[in-house]
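The values are calculated or read from the model by the stated rules, or taken from the named source; none is laboratory data. Since this is a predicted model, take the numbers as computed values, not measurements. Heads up, the Cβs are rebuilt from the backbone with ideal geometry, glycines too, and the neighbour counts pull from every protein chain shown.
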Amino acid sequence: MYKYYKLIMIPAIIVIVGVVFSGFSVQTHEKTVSDLLEERTSVLQNAYYCNMDKEKVVKLLKKIETYPLLSKDIDALQSIEDGCQIDVVKSMDIKTIERNVKMFNFISFDVDIDWSMSGLSGDYLTDGQYSVVIKSEGRNYKLSEFNLE
């Protein structure tokens, strides 16, 4: 009876440890996506309202983004005019982050975001469902895509 006890306990421990650690990795990816989106929003807001020079903005974006999103954001920065009237993001509330697919170095997510904005006509709320893709680069993750669905 003692021999069978060992045969059952070892696989059970392996399964429990696997389940626990796989749960932590999903939460880490969700936190990573949230942090990257918040940092991107902050950097772009500073760029659009001329609180940072464009070279510094590009350097910061290169730390958190990769292609094709990086090239889209750089192109958008090149086309803005100083003092342009873009609505300000007062806050960004990420409601849900659902992991979809992991393929090679990429992980895709569906993200639901509520935005609190301030514009020329006053404050308003808006929301959207976004498709977000992050890319693993060594131990770091970078935003690769951010698209409204």
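General observations
- Of all residues in the range 126-149 being acidic (Asp, Glu) and farther than 9 Å from Leu69 by Cβ, the one that is modelled with the highest pLDDT: Asp127
- Yes/no for Asn100 being within 22 Å of Lys31 (Cβ to Cβ), over 13 Å from the mean Cα position of the chain (by Cα) and polar (S, T, N, Q): yes
- The range 103-130, subset more than 19 Å from Glu39 (Cβ to Cβ) and under 11 Å from the mean Cα position of the chain (by Cα), residue surrounded by the fewest Cβ atoms within 10 Å (Cβ to Cβ): Asp110
- When Lys72, Lys95 are checked against the criterion of being modelled with pLDDT of 85 or more, loosely packed, with under 13 Cβ neighbours inside 10 Å and within 17 Å of the chain's Cα centre (by Cα), Lys95 stands alone in meeting it.
- Number of residues in the range 95-149 that are closer than 23 Å to Gln45 by Cβ and of a type in the set (Asp, Glu) equals 6.
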